[in-house]
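Structure record follows, encoded as structure tokens.
The values are calculated or read from the model by the stated rules, or taken from the named source; none is laboratory data. Just so it is clear, the structure is predicted and the values come from calculations on it, not from any experiment. Cβ placement follows ideal geometry from the backbone for every residue including glycine, while neighbour counts extend to all protein chains displayed. Heads up: the accessible areas ignore ligands, DNA and RNA and are worked out on the full protein's heavy atoms, side chains in. Shrake-Rupley method; radii C 1.70, N 1.55, O 1.52, S 1.80 Å.
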Number of protein chains: 2
Amino acid sequence: MDKIEILGMVAAVLTTAGYVPQVYKTWQEKSTKDISLSTYLILFLGVLLWFAYGLLIDSLPVTLANAITGCLLFFMLILKFKYK
Amino acid sequence: MDKIEILGMVAAVLTTAGYVPQVYKTWQEKSTKDISLSTYLILFLGVLLWFAYGLLIDSLPVTLANAITGCLLFFMLILKFKYK
């Protein structure tokens, strides 16, 4: 794996793991007033398409990163509906 | 552009445009209590790396999508610091 691919992998890890503090905060504080439902719905749909794209181009990093991000966004959607 | 690339482009548009409703909501409501600062800092750093990756692999879609997403996330960070 060359340096450019490592850069891409680090980027993928950050834009996936980045949602963890938000999920944790929302889960702890049980408040979603300031969270945009539209944003999470659109991001979730986008990530589902990235996941399909990753499968179609046979890219494990794209598929895996978006599978995890999809789970985190889906969890945020559940919290948003639960704690309106 | 084949069907798979169109799918990737739609995915990129969604995961970029997805942040617009959040920025608009936060800008209107001036409240960021439920927004995780860590999440936006990590996502912003990740998107900067995706932008650099896009430049290095000469991919206009990756570079452009992440430049726009970076601006939206930066705007959210400003709002988060302004409306603590």
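How about region B:1-37: which trypsin sites (Lys or Arg not before Pro) there are in a DSSP loop, with at most 15 other Cβ atoms within 10 Å of their Cβ? If you can, show how the numbers build up before the last one.
Numbers: sites: B:K3, B:K25, B:K30, B:K33; in loops: B:K30, B:K33.
Loop-located and lightly packed - B:K30, B:K33.
So, R0 is 45 Å and r is the distance between the beta-carbons of B:D58 and A:V20; what FRET efficiency does that work out to, to 0.05? Working shown, then result.
Details: r = 32 Å, r/R0 = 0.70.
That pair, B:D58 with A:V20, gives E of 0.90.
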One decimal, nm, nearest first: from A:I78 to the same residue in each other copy, label points 7 Å out along Cα→Cβ, the values are 3.7
For the protein assembly as shown, dividing by residue count, accessible area per residue (probe 1.4 Å) in Å² works out to 54 Å²
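Enumerate the helices in chain A for which the Kyte-Doolittle hydropathy averages -0.5 or more and the C-alpha atoms extend at least 27 Å along the helix's axis, using complete DSSP H runs.
On the way: long enough: A:37-56 (29 Å, 2.03); A:60-82 (33 Å, 1.64).
The qualifying helices are A:37-56, A:60-82.
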Here the FRET efficiency for B:L7 versus A:E5, based on Cβ atoms and R0 = 25 Å and rounded to 0.05, is 0.65
Checked against the positive end of the charge dipole of chain B (+1 on Cβ of Lys and Arg, -1 on Cβ of Asp and Glu, about the Cα centre), the farthest of B:T39, B:T16, B:P61 is B:T39
With +1 on the Cβ of every Lys and Arg and -1 on the Cβ of every Asp and Glu, the dipole magnitude of region B:3-82 about its Cα centre, in debye rounded to the nearest 20, is 320 debye
As straight-line cross-link partners of A:K30, the qualifying lysines (C-alpha separation under 27 Å, not fewer than 8 residues apart within one chain) are A:K80, A:K82, A:K84, B:K25, B:K30, B:K33, B:K80, B:K82, B:K84
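Going from most exposed to least, what order do B:F44, B:F81, B:F51 have by accessible area with a 1.4 Å probe?
Working: B:F44 45, B:F81 115, B:F51 70 Å².
Solvent-accessible surface, decreasing: B:F81, B:F51, B:F44.
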With one decimal in nm and the nearest listed first, the spacings from B:P61 to its own position in the other copies, using label points 7 Å along Cα-to-Cβ, are 1.6
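Kindly provide the helix-only [θ] at 222 nm of chain A, computed as the sum of -39,500 (n - 2.57) over DSSP H runs of four or more divided by all residues, to the nearest 500 deg cm²/dmol?
Values: 4 runs with 69 residues, N = 84.
After summing the helix terms and dividing by residue count, I get -27500 deg cm²/dmol.
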Gyration tensor (Cα only) of the protein assembly as shown to equivalent ellipsoid, semi-axes in Å sorted down, yields 26, 17, 14
Here the averaged projected area of chain B, based on the convex hull of its alpha-carbon atoms and given in nm², is 5.6 nm²
Distance in nm between B:L41 and B:K82 label points, each 7 Å along Cα→Cβ, equals 2.1 nm
Looking along the axis that carries chain B onto chain A, the residue of B whose Cβ comes nearest, with distance in whole Å, is B:D34, 2
